[in-house]
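This report refers to the structure that appears directly beneath it.
The values are calculated or read from the model by the stated rules, or taken from the named source; none is laboratory data. Quantities reported herein were computed from a predicted structural model and do not represent experimental measurements. Don't worry about glycine lacking a Cβ; one is built from the backbone with ideal geometry, like all the others, and counts go over all protein chains shown. Quick note on the areas: whole protein, heavy atoms, side chains included, nothing else; ligands and nucleic acids left out. Shrake-Rupley method; radii C 1.70, N 1.55, O 1.52, S 1.80 Å.
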Amino acid sequence: MSLLEAKAMSTLTNSTPTTTSVFNKGDFAVEFIKVAETSNSCSSSPPKPLLIATPTVKGSYAVVLFLHGFYLRNYFYKDLLHHISSHGIILVAPQLYEYVSPSGTEEIDSAAKVTNWLQEGLQPKLPENVRADLTKLALAGHSRGGKAAFALALGKVETSLSLKFSVLLGIDPVAGLNKYCRTKPHILTYSPRSFDLSIPVTVIGTGLGSQQKNCLSPPCAPEGLNHEEFFNECKPPCAYFVAKDYGHMDMLDDNPPGAIGELSSCLCKNGTGPRDPMRRSVGGIVVAYLRAYLEADDKDLAAIVGDPSLAPVTLEPVEFVPANKSS
């Protein structure tokens with residue numbers, strides 16, 4: 001067990017704070033920056049259009065590459081991205097495709113190219129006096145984007161990466177419609193602790209994602225291909241949080257615009273309450289996990305694991321597996 005994990009587990013066995021600020025907006029003002037893809041070879045142009053959420057206060061900040069879900073738009077996540085960024089984190093959310101979904105392999109390769117662009121291209125796009133610390137680089141994704149994030153971290157990509165990820169976060173990751181219709185590359189092995197990953201991982205799932213909204217729509221996060229199996233295949237250190245009463249799209253903004261936004265709200269079973277508590281819960285867990293493993297500040301993660309009722313939504317189950325525990 002590392003010193004950090006030993007400290008975290010010690011905290012869990014002692015008193016934990018009754019509140020934790022990660023579930024509220026942070027103190028940093030946030031700016032959204034759109035960066036267009038261009039057809040020329042200019043190094044300052046990203047390989048895909050980007051939405052960047054960044055603090056505006058002078059400082060050096062960790063960076064998260066955030067991959068959107070199937071057919072979704074990066075701006076559907078603005079409230080979630082804003083919450084995370086307000087705690088002092090830069091998020092880069094590429095639009096990996098528009099109306100024609102590529103193969104899973106092509107999608108992951110696009111994410112790899114965006115990753116490589118960060119080294120030279122990100123800093124000039126940021127506000128003055130804001131510095132991206134790419135030694136603290138995390139990878140996150142939702143739904144199919146969550147599966148793509150796992151695949152990228154596992155090296156299932158043709159493009160060689162010039163940067164290393166330090167943390168992986170899967171937000172209700174999904175690997176396909178069913179076991180016979182999975183997105184490529186196939187990364188699930190159905191063997192416990194089989195992912196060949198050496199970085200900390202957290203998986204955030206939804207309790208309603210595996211349920212059908214109606215008899216005509218399949219589950220958006222079917223059993224055997226969802227958060228439960230992804231966590232089952234993670235090696236320690238890893239953590240697992242399930243928002244019991246919320247659905248697969250409930251971390252998106254309220255009423256995402258356009259036809260795709262309307263579809264995102266009607267195809268998946270959703271929770272009956274407002275989405276804001278879900279976004280704050282997901283954002284808070286992400287911030288707490290990044291602080292624990294990028295900043296060696298584990299008090300928020302320890303508090304949430306020790307007392308899940310601190311979150312705005314019901315988290316059940318919650319698991320934290322330190323690095324020295326193999327099962």
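With contributions of -39500 (n - 2.57) from each DSSP H run of at least four residues, the per-residue ellipticity at 222 nm computed over the chain stands at -8500 deg cm²/dmol. Heavy-atom surface analysis with a 1.4 Å probe gives segment 209-324 a carbon and sulfur content of 49 percent of its accessible area.
Full-extension gain between THR56 and GLU295, please, as 0.36 nm times their residue separation minus the C-alpha to C-alpha distance.
84.1 nm
Candidate cross-link partners of LYS164 among the lysines, defined by an alpha-carbon separation under 23 Å and a same-chain spacing of 8 or more, comprise LYS48, LYS113, LYS125, LYS136, LYS147, LYS156, LYS184, LYS235.
Would you mind telling me which residue in ASN255, ASN226, ASN116 has the biggest mean-square fluctuation in a Gaussian network model of the chain, where springs connect alpha carbons within a distance under 10 angstrom? Most flexible of the set in this elastic network: ASN255. Projecting the Cα atoms of GLY207, GLY224, GLY258 onto the charge dipole of the chain, computed from C-beta unit charges around the Cα centre, puts GLY224 farthest toward the positive end. Taking the chain as a Gaussian network of alpha-carbon nodes connected by springs under 10 Å, the highest mean-square fluctuation of the residues TYR190, TYR75, TYR289 belongs to TYR190. Among ILE90, ILE199, ILE171, the largest mean-square fluctuation in a Gaussian network model of the chain (Cα springs under 10 Å) belongs to ILE199. Full-extension gain between SER103 and LYS179, please, as 0.36 nm times their residue separation minus the C-alpha to C-alpha distance. Stretched fully, the SER103-LYS179 segment lengthens by 25.7 nm.
Extending 7 Å from the Cα toward the beta-carbon at both SER44 and ASP27 defines two label points whose distance is 3.4 nm.
Across the alpha-carbon atoms of the chain, the computed radius of gyration and Dmax are 18.3, 57 angstrom.
Using the 1.4 Å probe convention, the accessible area of segment 216-257 works out to 34 Å² per residue with neighbouring protein chains retained. In this structure, THR314 and ARG131 have a Cβ-Cβ separation that, at R0 = 30 Å, corresponds to a calculated FRET efficiency of about 0.20.
Counting only DSSP beta bridges with both residues in the chain, what percent are antiparallel, rounded to the nearest 5? Antiparallel bridges make up about 40 percent of those DSSP assigns within the chain.
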